[in-house]
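Worksheet: one structure, shown below.
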Amino acid sequence: KPLKYPGIFRRARLMLIHKVDLLPHTRFDVAAAAADARRVNPDIELLETSCLGEPGLGAWLAWLETRIREKREPGTSR
């Protein structure tokens, strides 16, 4: 709910949409949520994940590993 809680999304670096395998059974609109988040924070990244199959958790884990490396290596964090 990016427009309901803009402060959170303004500071966020990532918006994680989890359980995308359930999307066919919901009325959730990923594109609309992404557009709302980018209205609040144009630089926010968006990742879709699922534990039951593709896209899996690999991209999220890679994102986390990158942020950890940035914290450890001076001059590379945002």
Rounded to whole Å, √(5λ) for the Cα gyration tensor eigenvalues of the chain, largest first, gives 24, 19, 7
Electrostatic dipole magnitude of the chain [Cβ: Lys, Arg +1; Asp, Glu -1; Cα centre; debye, to 20]
460
When the chain is fully extended, how far beyond the present Cα-Cα distance does Ala59 get from Leu16, taking 0.36 nm per residue of separation?
14.4 nm
Under the Karplus relation with 6.51, -1.76 and 1.60 and θ = phi - 60°, whole-Hz ³J(HN,Hα) for region 45-60, x at Gly and Pro, equal 8, 10, 10, 10, 9, 7, 8, 9, x, 6, x, x, 10, x, 5, 5
Share of carbon and sulfur in the accessible heavy-atom surface of region 11-78 [1.4 Å probe, %]
55
Please list, in chain and number order, the residues 5+ apart from Glu48 or on another chain whose amide H is under 5 Å from its amide H, with Hs placed from the backbone.
Ile17
At 1.4 Å probe size, with every protein chain present, just tell me what the per residue accessible area of the chain comes to in Å².
74
Over the chain, relative contact order from alpha-carbon pairs under 8 Å, at least 6 apart, %:
31
Under 16 Å from the Leu46 label point (7 Å along Cα→beta-carbon), backbone N, region 21-36:
21, 23-24, 27-36
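The values are calculated or read from the model by the stated rules, or taken from the named source; none is laboratory data. From a predicted model like this one, the values you see are computed outputs, not experimental measurements. Heads up, the Cβs are rebuilt from the backbone with ideal geometry, glycines too, and the neighbour counts pull from every protein chain shown. In case anyone asks, the SASA skips ligands and DNA or RNA and just uses the protein heavy atoms, side chains included. Shrake-Rupley method; radii C 1.70, N 1.55, O 1.52, S 1.80 Å.
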